[in-house]
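Data block below; observations after.
The values are calculated or read from the model by the stated rules, or taken from the named source; none is laboratory data. Owing to the predicted nature of the structure, the values given are computational and were not obtained by experimental measurement. Positions of Cβ are generated from backbone atoms using ideal geometry, with glycine treated the same way; all protein chains shown enter the neighbour counts. The accessibility values were calculated without ligands, DNA or RNA, using every heavy atom of the protein model including side chains. Shrake-Rupley method; radii C 1.70, N 1.55, O 1.52, S 1.80 Å.
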Amino acid sequence: PTNPMPSGVSTPITKKHFNDMDNALWAQEACEYLAEKEVISGKGEGVFAPMDNVTREEFVAIIVRGFGFEKYVDNTEFKDLSENDWCYDYVLSAAQNGIIQGIGDGYFGKGHKITRQDMATILYRVISKKELNLAKVRDDFSFKDADSIPDYAKEAVSYLTTRGIVSGMEDGSFSGRESASRAQAAQMIYNVLKSMEGRE
């Protein structure tokens, strides 16, 4: 059928529309917005697959497209990345801008599902690199599993939570080691982009 006519939307969605968002309605606006901006794409006609996991390279690609990072030189120190990979330019752009550091021993971690705590850490680096000063919307972040958040991610999780960029799970945990879904990734990035739009 023809494109639906959205109502109550500031930016009409004309290029993309996903019809499989029933189990992730909380992220529908974010997914449609990012698709309209060509920051994220679906997995087929009308399919976003919101609950599918996100790989490290998929998340990095969304970040690079969404925030406009550039690649400066054409080489890589990652053993698991070649110039034939679709994500080659995206990973290099992120690495050269200090957004990612890999998983150690010279590996990027291509094909690995990204965790919620790594997603938060990368997005926090984006905010720092872009010198964004997002407004605080709450004073604390008291997740019931706060002690299990690794030291490298604590500052990122704290900042993003108090700025309303990330939230915990329904049971009150952050669940940092869990794999992130496409809907979660889209919502986090959308929250930052919308916060940027609101700045003078």
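Summary of values
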| item | result |
| --- | --- |
| Filtered residues of segment 117-133 (kept if among the acidic types (Asp, Glu) and more than 19 Å from Ala146 (Cβ to Cβ)) | Glu131 |
| Options Glu45, Glu38, Glu57, Glu32: the member that is among the acidic types (Asp, Glu) and at positive phi | Glu38 |
| Meets criteria (out of contact with any Leu (no Cβ under 9 Å at 6 or more places or on another chain) and either open to solvent by 10 Å² or more (accessible area, probe 1.4 Å) or touching a residue at least 60 places away in the same chain (Cβ under 8 Å) (or both)) for Glu36 | yes |
| Qualifying residue in segment 122-134 (condition: in contact with a helix residue (DSSP H, G or I) (Cβ under 6 Å, 6 or more places away or on another chain), at negative phi and of a type in the set (S, T, N, Q)) | no |
| Residue count for segment 39-64, restricted to those that are under 20 Å from Arg125 (Cα atoms) and open to solvent by 50 Å² or more (accessible area, probe 1.4 Å) | 1 |
| Matching residues in segment 121-162 - criterion: being among the basic types (Lys, Arg) and over 24 Å from Gln101 (Cβ atoms) | Lys136, Arg138, Lys144 |
| Some residue of segment 153-175 being β-branched (Val, Ile, Thr) and in contact with a His (Cβ under 8 Å, 6 or more places away or on another chain) | no |
| Any hit, segment 191-200, residues being surrounded by fewer than 18 Cβ atoms within 10 Å (Cβ to Cβ) and either modelled with pLDDT of 95 or more or more than 25 Å from Leu25 (Cα to Cα) (or both) | yes |
| Any helices (runs of 4 or more DSSP H) falling wholly within segment 65-171 and containing at least 1 residues that are open to solvent by 70 Å² or more (accessible area, probe 1.4 Å), farther than 19 Å from Met188 by Cβ and out of contact with any Phe, Trp or Tyr (no Cβ under 7 Å at 6 or more places or on another chain) | 88-96, 151-162 |
| The lone exception for Leu25 - which of (1) assigned to a loop (DSSP other than H, G, I, E, B); (2) more than 29 Å from Glu131 (Cβ to Cβ) it fails | (1) |
| Yes/no for Ser181 being surrounded by 14 or more Cβ atoms within 10 Å (Cβ to Cβ) and closer than 15 Å to Trp26 by Cα | yes |
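Each row is one residue, and each column tells you yes or no for (1) under 26 Å from Thr76 (Cβ atoms); (2) touching a residue at least 24 places away in the same chain (Cβ under 8 Å); (3) under 15 Å from the mean Cα position of the chain (by Cα).
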| residue | (1), (2), (3) |
| --- | --- |
| Ala95 | yes, no, no |
| Gly104 | yes, no, no |
| Tyr107 | yes, yes, no |
| Lys110 | yes, yes, no |
| Val137 | no, yes, no |
| Lys144 | no, yes, no |
| Ile149 | no, yes, no |
| Val166 | no, yes, yes |
| Glu170 | no, no, no |
